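Enquirer: Mind having a look at this structure? Questions to follow.
The values are calculated or read from the model by the stated rules, or taken from the named source; none is laboratory data. Remember, predicted model here, so these are calculated numbers, not experimental data. All Cβ positions, even for glycine, are placed from backbone atoms using ideal geometry, and neighbour counts span all protein chains on display.
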Amino acid sequence: MDADLFIQDIGPLLKQSGFKKSNSTWRKDQGESIAVFNVQKSQWGAGTFYINLGVYFRAYGDEASPTENKCHVRVRLPVEEASAVVAAAVDWFGARVSLQDAAILAEADSKKGLVAKELRNAAAT
């Protein structure tokens, strides 16, 4: 699947879930956190792209529109059919709305993706 076609397919689905688009990134205010959904085109072309998710916690920073690479918890999803990707993303974000929820999941998340040091420390307390 081509990245541009995928972006067209997921746009309405993410909008229905409360996300707002900026270029190839969608964000959703979750109160204590910001959910970030990003489609990253490969620099090698050939239609290759990646789906990056991140959750940015306001307790650890003051960015209003963080990019995925600035998020405190990050993961890359496999490319699948748009509705399946959005459903998986919404579930993943939903489990990490609060700092407390994310801290509980920090150990498991660190095995699948990136978890900021502050979040791992919060999990230890």
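Enquirer: Can you tell which of Glu68, Glu81 is of a type in the set (Asp, Glu) and under 13 Å from the mean Cα position of the chain (by Cα)?
Expert: On the way: Glu81 fails: under 13 Å from the mean Cα position of the chain (by Cα).
Of Glu68, Glu81, the one residue that is of a type in the set (Asp, Glu) and under 13 Å from the mean Cα position of the chain (by Cα) is Glu68.
Enquirer: Just wondering, is there one or more residues in the stretch 59-73 that are more than 30 Å from Leu5 (Cα to Cα), modelled with pLDDT of 80 or more and assigned to a helix (DSSP H, G or I)? Walk me through it before giving the result.
Expert: Step one: of the stretch 59-73, the residues more than 30 Å from Leu5 (Cα to Cα) are 59-62.
Those left that are additionally modelled with pLDDT of 80 or more: 59-62.
With assigned to a helix (DSSP H, G or I) added as a condition, the list becomes 59-60.
Yes, some residue in the stretch 59-73 is more than 30 Å from Leu5 (Cα to Cα), modelled with pLDDT of 80 or more and assigned to a helix (DSSP H, G or I).
Enquirer: Within the stretch 16-49, can you find the residues that are basic (Lys, Arg) and either farther than 18 Å from His72 by Cβ or at pLDDT below 95 (or both)?
Expert: Of all residues in the stretch 16-49, those basic (Lys, Arg) come to 20-21, 27-28, 41.
Listed by number, the residues that qualify are Lys20, Lys21, Lys41.
Enquirer: For the condition touching an Asp or Glu at 6+ places or on another chain (Cβ under 8 Å) and assigned to a loop (DSSP other than H, G, I, E, B), what is the one hit in Val97, Val79?
Expert: Working: Val79 fails: touching an Asp or Glu at 6+ places or on another chain (Cβ under 8 Å).
Matching residue, one of Val97, Val79: Val97.
Enquirer: Take the residues of the stretch 99-125 that are touching a Lys or Arg at 6+ places or on another chain (Cβ under 6 Å) and of a type in the set (A, V, I, L, M): which is surrounded by the most Cβ atoms within 10 Å (Cβ to Cβ)? Steps first, please.
Expert: Residues of the stretch 99-125 that are touching a Lys or Arg at 6+ places or on another chain (Cβ under 6 Å), as a first pass: 102, 106, 113-114.
Among the residues that remain, those that are also of a type in the set (A, V, I, L, M) are: 102, 106, 114.
Values: Ala102: 23, Ala106: 21, Leu114: 15.
Taking the candidates together, the pick is Ala102.
Enquirer: When you look at Leu53, is it of a type outside the set (Phe, Trp, Tyr), at pLDDT 95 or above and within 15 Å of the chain's Cα centre (by Cα), yes or no? Explain how you work it out, then say what you get.
Expert: On the way: of a type outside the set (Phe, Trp, Tyr): yes; at pLDDT 95 or above: yes; within 15 Å of the chain's Cα centre (by Cα): yes.
Against the criterion (of a type outside the set (Phe, Trp, Tyr), at pLDDT 95 or above and within 15 Å of the chain's Cα centre (by Cα)), Leu53 qualifies.
Enquirer: Name the residues in the stretch 61-98 that are among the acidic types (Asp, Glu), within 15 Å of Trp26 (Cβ to Cβ) and surrounded by fewer than 16 Cβ atoms within 10 Å (Cβ to Cβ), would you? Outline the logic, then answer.
Expert: Our first condition is that a residue be among the acidic types (Asp, Glu); within the stretch 61-98, this holds for 62-63, 68, 80-81, 91.
Of the ones still in play, those that are also within 15 Å of Trp26 (Cβ to Cβ) are 68.
Listed by number, the list is empty, since nothing qualifies.
Enquirer: Next question. Could you please find all residues in the stretch 1-39 being within 17 Å of Gly54 (Cα to Cα) and of a type in the set (Phe, Trp, Tyr)?
Expert: Result: Phe19, Trp26, Phe37.
Enquirer: Here is a further query. Among the residues in the stretch 5-15, are any under 17 Å from Leu114 (Cβ atoms) and at pLDDT below 95? Before the answer, list the steps.
Expert: To start, the set of residues in the stretch 5-15 that are under 17 Å from Leu114 (Cβ atoms) comprises none.
Scanning the stretch 5-15, I find no residue that is under 17 Å from Leu114 (Cβ atoms) and at pLDDT below 95, so the answer is no.
Enquirer: What's the total number of residues in the stretch 1-23 that are of a type outside the set (D, E, K, R), in a loop (DSSP other than H, G, I, E, B) and surrounded by fewer than 16 Cβ atoms within 10 Å (Cβ to Cβ)? Step through it out loud before you land on a result.
Expert: In the first step, residues of the stretch 1-23 are kept if they are of a type outside the set (D, E, K, R); the result is 1, 3, 5-8, 10-14, 16-19, 22-23.
Retained after the next criterion (residues that are in a loop (DSSP other than H, G, I, E, B)): 1, 17-19, 23.
Next cut, surrounded by fewer than 16 Cβ atoms within 10 Å (Cβ to Cβ) only: 1, 18, 23.
Residues meeting the conditions: 3.
Enquirer: Here is a list of conditions, (1) at pLDDT 85 or above; (2) within 28 Å of Asp4 (Cβ to Cβ), and Gly113 meets all of them except one; can you say which number that is?
Expert: Gly113 satisfies every listed condition except (1).
Enquirer: Here is a follow-up. Within the stretch 25-46, identify whether any single residue is aliphatic (A, V, I, L, M), loosely packed, with under 15 Cβ neighbours inside 10 Å and either in contact with a helix residue (DSSP H, G or I) (Cβ under 8 Å, 6 or more places away or on another chain) or part of a strand (DSSP E or B) (or both), and answer yes or no. Walk me through how you get there before you give the answer.
Expert: Step one: of the stretch 25-46, the residues aliphatic (A, V, I, L, M) are 34-36, 39, 46.
Subsequent filtering for residues that are loosely packed, with under 15 Cβ neighbours inside 10 Å retains 46.
Next, from what is left, pick out any that are either in contact with a helix residue (DSSP H, G or I) (Cβ under 8 Å, 6 or more places away or on another chain) or part of a strand (DSSP E or B) (or both): none.
Among the residues of the stretch 25-46, not one is aliphatic (A, V, I, L, M), loosely packed, with under 15 Cβ neighbours inside 10 Å and either in contact with a helix residue (DSSP H, G or I) (Cβ under 8 Å, 6 or more places away or on another chain) or part of a strand (DSSP E or B) (or both), which makes the answer no.
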